[in-house]
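Student: For reference, the structure I am asking about is given below.
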Amino acid sequence: MKYGKEFKIGLVSLVILVSFIWVLNFIKGYNFFNPNDYYYAIYPTSGGLQTGRPVKINGVRVGIVSAIEFSSETLNSVTVKFEVDKDYHFSKNSIAEISQGEGLMSDVEMKIVLLPGEVMAERGDTLNSRIAGGMTDAIFGAINPIKEQLTVTLSTMDSVLKDIHSVLNDSTRENLSRSIASLSVTLKNMEGVTAHTESLLKENKAHLSTIALNTASSLEKLNSVLDTASLSRTLKDLENTMAQLNAISSKIASGEGTIGGMIYDENLYQNLSNATSSLGLLIEDIKENPKKYINVTVFGKKERTEKKIVKDSIAAERLRDRARKN
């Protein structure tokens, strides 16, 4: 049986097409001669995952995403079917995670996060699932707080600028300009004063040095005077004098000696008081009756009679009685 030329061309084309499909699927992870195990995971959204994306374990490609479809008619969840090479086994507790690739511009891929467990996952099992944010989400998560703070800061700066603009009216700006001009003049004057002071210091540097030397010499002389023996003797004599005064004061306070007796003897005080009173009465009587005590005659001294002597004695006795009563 002979085949025509067209048949041979068609057969060769079919073989090439099948080979191309097999190679393409093999590259994607399909193996017609050694079929992979397949598993399922349910997500609220596909998260950007596409069929044909790789499935990895610890960064190593172990399978491929084979199908993505809605889980129910409500369209509120998505079921993802993925295939894994039979050589790789993991527990049923492991998590099928949809996440961004390791690179910033990488597409979304599926990762199997290994978790320990006694029961191993079998062909057709549905694994636990989760959607993790990628690097882009992390960057935006870090940028969002900064963005909010920047917004608050800009709003605050805007209000501050408005307040400054309201305060800095034409009059205020004019006053501020005048103040700055006055400050500039003041600074120039201070520069002049500083320059003048510096010149004075330079001109009188020699005099200042002489004054400093004289002051040092005077201090040395004062120290030498304070350290002399005469000053020490004077201080010692003063100390002895103070000790003697303290001793005298102690004796007076204790009633010793004449002065102490005069201060603390009540009888002496009473006698002195009586004598003073008597003397005062006598002086008053002399003023009132001076003729009793002074007799002046033109022709000579008149002898005192016995009667006169008696009267004088009686008067003196009365004075003493009055003094005692007082």
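Student: Please list 43-56, 233-246 highest first by mean number of surrounding beta-carbon atoms within 10 Å per residue.
Tutor: The densest-packed peptide leads the list: 43-56, 233-246.
Student: Please work out the FRET efficiency for the pair Lys5 and Phe70, using the Cβ-Cβ distance as r and a Förster radius of 45 Å; give the result to the nearest 0.05.
Tutor: After rounding to 0.05, the efficiency reads 0.35.
Student: On a full-extension model of 0.36 nm per residue, what is the gain between Val119 and Gln149, subtracting their alpha-carbon distance, rounded to one decimal in nm?
Tutor: My answer for the length gained is 5.9 nm.
Student: Per residue of segment 145-159, in order, report the coupling 6.51 cos²θ - 1.76 cosθ + 1.60 (Karplus, θ = phi - 60°) as ³J(HN,Hα) in whole Hz, putting x for Gly and Pro.
Tutor: Working through the residues one at a time gives x, 5, 4, 5, 4, 5, 5, 5, 5, 5, 5, 5, 4, 5, 5 Hz.
Read-outs: derived from the displayed coordinates by stated rules, not from any lab. For clarity, every value in this text was computed on a predicted model and none was experimentally measured. Cβ: placed from backbone, ideal geometry, glycine included. Neighbour counts: every protein chain shown.
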